[in-house]
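Quick note: the coordinates plus some simple rules give every number you see, no bench work behind them. Note that the coordinates shown come from a computational prediction; the quantities given were computed from them, not determined experimentally. Neighbour counts are summed over all protein chains in view; Cβ atoms, including those assigned to glycine, are modelled from backbone coordinates with ideal geometry.
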Amino acid sequence: MKKSLTAVTILAAIAALATLGACSKSNDTATPAAANATHAAPPAANLADMASPAAQKQLAEKALPKGDPAYPLASYRGVDSGNDLMFLFYGLSNLPVDYDKIAQSYSRDYQSTSDSFKKQDLLSALKPRIDNAIASAKDSRYIVLTTPNAMLDAYDFNKKGFQLTNVAQPGSYQYFFDNSNYTIEYTNGPDYTFLKIGDEATARSIEDMRSHFHPLTIRLYAYAQDADPATNRVKLQIVHEQLLDSAGRVLVQS
């Protein structure tokens, strides 16, 4: 059975980056040009905001590597379990591999046995498979994730589209039920929470499905940018987004 991806909202501060005003030496006597001109005082820099954790996080995320929009969609690798995410986390973080911790999630036999010798034998057999899975994940940073039961607000006539309410929301993370120790955060999630629809016929069709509670699915094509060891979180940049109907047909793509 395919594992489901779950979104959880967390508190996240959003701080604006203040622009540092240019400093100049003051003169007591104004020059003729300055005497006839009116100048607005430069805005004072808010150093507290610049040094805040939210601002530092924003700056760090802007410096992360970016995915190539031209990368073929067919070459994205599907990630549909917490174990897939776990291997990706280790591939990105370059942390020492905790084989015991991984085996507890990866192998039911390892998890269920209390025989220390059997456990050791199982771990020896699992290590090459774990190493290969981590190496493969590290080399496949373009991934695709599917969120079933996408929730859309009613069609917005002013903005010409639909607001998503349970996908890539600001201050949220996602996880898989089979291994919730590793989570996902979208560094550009707010850019993909509104589905702009240029064609009225398409918008009418989606609104009809939405209002009649027909299942809709969001598929996110993303690039794995980084891993945060403090939270066991993988940071993803959304590269493309698709809305699919219950038959798997693409209704909207961005």
| said: What's the total number of residues in segment 184-210 that are under 30 Å from Asp226 (Cβ atoms) and free of Cβ contacts under 8 Å to residues at least 60 places away in the same chain? | reply: 10
| said: Suppose we keep only residues that are out of contact with any helix residue (DSSP H, G or I) (no Cβ under 8 Å at 6 or more places or on another chain) and not aliphatic (A, V, I, L, M) within segment 234-245. Which one would you say is nearest to Pro69 (Cα to Cα)? | reply: Gln237
| note | Reported set for segment 213-247 where residues are among the aliphatic types (A, V, I, L, M), out of contact with any Asp or Glu (no Cβ under 9 Å at 6 or more places or on another chain) and not in a strand (DSSP E or B) is Ala230, Ala247
| request: Pull up segment 116-142, narrow it to residues that are over 30 Å from Tyr221 (Cβ atoms) and among the basic types (Lys, Arg), then point me to the one that is surrounded by the most Cβ atoms within 10 Å (Cβ to Cβ). | output: Lys119
| said: Can you tell me which residue is farthest from Phe213 (Cα to Cα) among those in segment 156-202 that are over 19 Å from the mean Cα position of the chain (by Cα) and surrounded by 21 or more Cβ atoms within 10 Å (Cβ to Cβ)? | reply: Ile197
| query | Out of curiosity, is Asp109 surrounded by 11 or more Cβ atoms within 10 Å (Cβ to Cβ) and charged (D, E, K, R)? | reply | yes
| query | Would you say Tyr175 is assigned to a strand (DSSP E or B), within 18 Å of Pro148 (Cα to Cα), in contact with a Leu (Cβ under 9 Å, 6 or more places away or on another chain) and of a type outside the set (Lys, Arg)? | reply | yes
| message | Could you tell me how many of the residues in segment 164-207 are within 20 Å of Gly82 (Cβ to Cβ) and acidic (Asp, Glu)? | response | 2
| field | Residues of segment 204-250 satisfying the condition of being more than 17 Å from Asn166 (Cβ to Cβ) and of a type in the set (A, V, I, L, M) | value | Ala224, Ala227, Ala230, Val234, Val239, Ala247, Val250
| remark: Only unsatisfied item for Arg210, checking (1) under 19 Å from Leu220 (Cα atoms); (2) not in a strand (DSSP E or B), is (1)
